[in-house]
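Notes to accompany the following structure.
Here, each number is a calculation from the coordinates, and none is a lab measurement. For clarity, every value in this text was computed on a predicted model and none was experimentally measured. Positions of Cβ are backbone-derived with ideal geometry, glycine not excepted, and every protein chain shown enters the neighbour counts.
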Amino acid sequence: MNKYFIILWLCFSVLGTYAQPSEPFISRKDYIEMWKDEAVSQMVKYGVPASITLAQGMLESGNGNSALAKYANNHFGIKCHGWDGPGVYKDDDKKDECFRKYTDAFQSFEDHSKFLAHRGRYSSLFTLEITDYEGWAKGLRKAGYATNPKYAHMLIDLIESNGLYQYDRMEVVSVANEPIKEIEYADKKLMLPKVEATKHTVLSHYKTDYILAVKGDTYYKISKEFEMALWQLYSYNDCDDNTKILAGERIYLQPKRNKVASKTHLVKEGETLRSIAQLEGVKLKKLLKKNGITLATVLKEGQRIKLK
């Protein structure tokens with residue numbers, strides 16, 4: 001008798017499971033259509049090929065169908081290391097590992113770009129051509145982005161079988177307060193900001209080229225004038241897309257130095273660690289390391305900051 005009731009209970013449990021309404025399933029084609037423009041936008045801002053962003057998103061999130069993507073908006077499986085925001089926990093390489101939780105998926109795409117652009121172990125990837133998706137895929141695996149030995153091959157297969165490489169040759173940018181013009185590109189209408197020509201004089205500080213910003217300058221305008229990627233300017237000037245340019249500020253067109261000839265800098269009223277790094281032509285992270293301080297350190301007028 002007990003055996004009969006157990007079998008009956010199991011039958012009802014199975015039927016109940018299949019009777020639950022299922023969530024919409026996102027196909028690979030739909031995922032690409034949903035996120036290709038954002039991938040291109042991230043490429044223009046940070047220099048990560050759109051094909052790589054899309055392929056990683058598809059692979060890591062199961063085309064947006066994974067629990068991590070649906071309930072944490074995390075499309076790239078990025079864990080909580082160095083993260084101050086909320087997290088979710090699930091078993092991965094270890095039990096109950098913390099993964100970043102985002103307010104929306106756009107934040108996940110932005111964080112993925114910053115994750116690659118701001119970590120030294122991926123810096124060599126940004127010397128590759130934007131269209132070299134094979135080099136990027138192999139470089140990500142070599143740098144330890146994923147533990148699967150077939151990770152690079154899986155990315156390359158996704159890119160080639162879905163034609164994702166086409167998005168590495170496109171530019172879609174939306175810049176606040178910029179007039180928009182429409183152009184034709186690869187049989188598709190795209191919207192690009194209209195940028196007025198500006199002439200800056202290129203100067204040099206410790207053999208590092210820079211310009212002096214004028215009123216109205218933006219990193220986008222400067223990147224177009226000097227035919228540079230936005231990620232390069234952000235990296236060379238220790239900033240991001242939220243950083244405002246001040247008139248008279250030095251904007252470097254090449255990587256700053258790890259150290260300079262001057263031994264110290266005497267802090268003046270109103271100076272910040274970043275403004276000192278810009279003035280002296282020293283990388284901000286090196287400045288912090290040499291002085292054993294953080295960005296949260298409050299500077300005092302007359303304080304000496306080591307430069308070498």
In order over segment 260-270: 3J(HN,Hα) from phi, Karplus 6.51/-1.76/1.60, θ = phi - 60°, whole Hz, x for each Gly or Pro, gives 10, 5, 5, 7, 9, 10, 8, 5, 9, 4, x
Long-range amide H partners of residue 74, meaning residues 5 or more apart or on another chain whose placed amide H is closer than 5 Å, are 69, 102
Using a Förster distance of 35 Å, the FRET efficiency for residue 89-residue 118 (Cβ separation, nearest 0.05): 0.90
Long-range amide H partners of residue 97 with built H, under 5 Å: 90, 91, 92
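Taking the convex hull of the alpha carbon atoms in segment 28-169, what volume per residue do you get, in Å³?
101
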Give the lysines reachable from residue 150 as a straight Cα distance under 26 Å; neighbours fewer than 8 places away on the same chain don't count. 29, 36, 70, 79, 90, 94, 95, 114, 138, 142
Using a simple spin-label model with points 7 Å from Cα along the Cα→Cβ vector, what separation in nm is obtained for residue 30 and residue 70? 1.2
In 5 Å bins starting at zero, report the fraction of Cα pairs in segment 195-255 per bin as a rounded %. 4, 19, 34, 30, 12, 1, 0
Provide, for segment 257-308, the number of lysine pairs with alpha carbons under 12 Å apart, each pair being eight or more places apart or on different chains. 18
Going through segment 26-93, which chymotrypsin sites (Phe, Trp or Tyr not before Pro) have at most 15 other Cβ atoms within 10 Å and a DSSP loop state? 83
Residue-ordered couplings for segment 223-233, obtained by feeding phi - 60° into the Karplus form 6.51 cos²θ - 1.76 cosθ + 1.60 and rounding to whole Hz (Gly and Pro as x), are 4, 6, 4, 9, 6, 10, 7, 4, 4, 5, 5
Sort out for me the Cα centre separation of segment 225-265 from segment 89-104, rounded to whole Å. 35
Per 5 angstrom bin, beginning at 0 and ending with the bin that holds the maximum distance, the Cα pairs of segment 221-300 fall in percents of 3, 14, 26, 25, 18, 9, 5, 1
Mind listing the phi-derived Karplus ³J(HN,Hα) values for segment 146-156, rounded to whole Hz, using 6.51, -1.76 and 1.60 with θ = phi - 60°, and x for any glycine or proline? 9, 8, 5, x, 9, 4, 4, 4, 5, 5, 4
